[in-house]
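*Asks:* Following this message is one structure expressed as structure tokens.
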Amino acid sequence: MVFTMKLASLKGGRDGCLVVVSQDLSWCAPAGPAVATLQAALDDWDRAEPILKALAHSLESGGQPKDRFHEHDALSPLPRAYQWADGSAYVNHVALVRKARGAEMPDSFWTDPLMYQGGSDAFLGPREDIPLRDPAFGCDLEAEVAVIVGDVPMGADRETCAAAIRLVMLCNDVSLRGLIPEELAKGFGFFQSKPASAFSPVAVTPDALGEHWVDGKLHGVIEVSVNGALFGKPDAGVDMTFDFPTLIAHAARTRALSAGTIIGGGTVSNRDTDGGPGRPVADGGLGYACIAEQRTVETLVHGAPKTDFLKAGDTVRIEMPDGRGRSIFGAIEQTVRTHV
């Protein structure tokens, strides 16, 4: 048996307390004091990796004192990070949301990735409420895949970038759709329209993903639910125009990336079997990983959107099961709360 790693950060201090988590997410063991935080592990990966793998081995074989792992006790794996850059690798999603804004999509979007730099100084926990000051902001979820990298030199090639991927996790990249058009019209990118994101309770090394990690992509269905009803079930490995090594190389074109940089793949989005934009789950389709896509399709089909954005009291859940129905990363489950 190959002992690979699933890592989490439990509550305790601003950077959390690093634990190694069992493959079935039932148990955990503290990595400290040898490796106190995930950022410390990433900063000194050559030293930390064998320590953490030995701990994972001991945890699985029963030779390690252990505690029950409770996802509600987890912070995002990196509670704060030096850098969070989110790409938009699913060009189907880009085309739909731009169509909703009445914006044309240049052909270059199929060959040159989009990427924005988000706020990384404080991420929400995977079970932490989403604060919303005003319903008119148009709060939306975005179910994504993200990777955490080690140090990446400026101008690194694709192979170097692939080797730099340390961990994989899921993300809810919260977006405020009502603020995006005016903000982008200024020609200076997202800021107020991109509040704090949240990541899955557990981050997983690529080798622990087995057949789910192929050619720099995470393959598997992301289950997205809103208020307990299935909203989307797209496959993260399908219709991904740019893989993660390509996205990392794009980010490193003119700057070095520090260990602990998070790179997102953007909202997961699948076309329909006929090549169209996709159908809602209720209509037999794969659904969507964000509300904006469903609203765009509703506008195309019915002339106007029918689905509301998230409001106070709404709960979203994002999770990826393996082939046996077991959660790989744990679940992001967040409720929108009014924030004054």
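Results for (1) under 30 Å from SER26 (Cα atoms); (2) in contact with a strand residue (DSSP E or B) (Cβ under 8 Å, 6 or more places away or on another chain); (3) open to solvent by 30 Å² or more (accessible area, probe 1.4 Å); (4) outside any loop (DSSP other than H, G, I, E, B), shown as yes or no for each residue.
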residue: ILE148; (1), (2), (3), (4): yes, yes, no, yes
residue: LEU167; (1), (2), (3), (4): yes, yes, no, yes
residue: LEU170; (1), (2), (3), (4): yes, yes, no, yes
residue: PRO181; (1), (2), (3), (4): no, no, yes, yes
residue: PHE188; (1), (2), (3), (4): no, no, yes, no
residue: PHE191; (1), (2), (3), (4): no, no, yes, no
residue: PRO201; (1), (2), (3), (4): yes, yes, no, no
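*Asks:* Also, quick follow-up: So, ARG271, is that one assigned to a helix (DSSP H, G or I) and of a type in the set (Lys, Arg) or not? Full working, then the answer.
*Replies:* Values: assigned to a helix (DSSP H, G or I): no; of a type in the set (Lys, Arg): yes.
No, not satisfied.
*Asks:* Restricting the search to segment 71-118, which residues are among the charged types (D, E, K, R) and either within 14 Å of the chain's Cα centre (by Cα) or on the phi > 0 side of the Ramachandran plot (or both)?
*Replies:* Correct list: ASP86 only.
*Asks:* Find the residue count for segment 210-250, including only residues that are over 21 Å from GLU142 (Cα atoms) and part of a loop (DSSP other than H, G, I, E, B).
*Replies:* 1
*Asks:* Next up: Could you grab the pairs with beta carbons closer than 7 Å, sequence gap of 6+ or different chains, first residue in segment 52-77 and crowded, with 21+ Cβ neighbours inside 10 Å, second one among the charged types (D, E, K, R)?
*Replies:* Taking only residues 6 or more apart or on different chains, the pairs are LEU59/LYS66; LEU75/LYS11.
*Asks:* Going residue by residue through segment 312-328, is there one that turns out to be in contact with a helix residue (DSSP H, G or I) (Cβ under 6 Å, 6 or more places away or on another chain) and either outside any loop (DSSP other than H, G, I, E, B) or touching a residue at least 40 places away in the same chain (Cβ under 8 Å) (or both)? If you could, list the steps in order and put the result at the bottom.
*Replies:* As a first pass, look at segment 312-328 and keep what is in contact with a helix residue (DSSP H, G or I) (Cβ under 6 Å, 6 or more places away or on another chain): none.
Taking every residue of segment 312-328 in turn, none turns out to be in contact with a helix residue (DSSP H, G or I) (Cβ under 6 Å, 6 or more places away or on another chain) and either outside any loop (DSSP other than H, G, I, E, B) or touching a residue at least 40 places away in the same chain (Cβ under 8 Å) (or both).
*Asks:* Within segment 250-258, is there a residue that is open to solvent by less than 80 Å² (accessible area, probe 1.4 Å), touching a residue at least 40 places away in the same chain (Cβ under 8 Å) and among the β-branched types (Val, Ile, Thr)?
*Replies:* No: segment 250-258 contains no residue that is open to solvent by less than 80 Å² (accessible area, probe 1.4 Å), touching a residue at least 40 places away in the same chain (Cβ under 8 Å) and among the β-branched types (Val, Ile, Thr).
*Asks:* Is it the case that ALA41 is among the small types (Gly, Ala, Ser), modelled with pLDDT of 95 or more and exposed (fewer than 15 other Cβ atoms within 10 Å of the Cβ)?
*Replies:* No, not satisfied.
*Asks:* Residues being under 21 Å from the mean Cα position of the chain (by Cα), in a loop (DSSP other than H, G, I, E, B) and either aliphatic (A, V, I, L, M) or closer than 30 Å to GLU159 by Cα (or both): count how many of those fall in segment 274-311.
*Replies:* Residues meeting the conditions: 2.
*Asks:* Can you tell me which of CYS171, CYS161, CYS139 is of a type in the set (A, V, I, L, M, F, W, C) and farther than 30 Å from THR254 by Cβ?
*Replies:* Exactly one of CYS171, CYS161, CYS139 is of a type in the set (A, V, I, L, M, F, W, C) and farther than 30 Å from THR254 by Cβ, namely CYS139.
*Asks:* Something else now. Since GLY265 meets every condition but one in (1) within 18 Å of the chain's Cα centre (by Cα); (2) open to solvent by 10 Å² or more (accessible area, probe 1.4 Å); (3) not polar (S, T, N, Q), which condition does it not meet?
*Replies:* (2)
*Asks:* Any chance segment 317-337 includes a residue that's over 29 Å from VAL202 (Cβ atoms) and either among the aromatic types (Phe, Trp, Tyr) or surrounded by fewer than 19 Cβ atoms within 10 Å (Cβ to Cβ) (or both)?
*Replies:* no
*Asks:* Just checking, does segment 9-18 include any residue being open to solvent by 50 Å² or more (accessible area, probe 1.4 Å) and in contact with a Leu (Cβ under 7 Å, 6 or more places away or on another chain)? Steps first, please.
*Replies:* Taking segment 9-18 as the starting set, the residues that turn out to be open to solvent by 50 Å² or more (accessible area, probe 1.4 Å) are 11, 13-15, 17.
After this cut, where a residue has to be in contact with a Leu (Cβ under 7 Å, 6 or more places away or on another chain) as well, the list is 11, 17.
Yes, some residue in segment 9-18 is open to solvent by 50 Å² or more (accessible area, probe 1.4 Å) and in contact with a Leu (Cβ under 7 Å, 6 or more places away or on another chain).
The values are calculated or read from the model by the stated rules, or taken from the named source; none is laboratory data. Owing to the predicted nature of the structure, the values given are computational and were not obtained by experimental measurement. Glycine gets a Cβ as well: all are built from the backbone with ideal geometry, and neighbour counts include every protein chain shown. All accessible areas refer to the heavy atoms of the entire protein, side chains included, with ligands and DNA or RNA removed. Shrake-Rupley method; radii C 1.70, N 1.55, O 1.52, S 1.80 Å.
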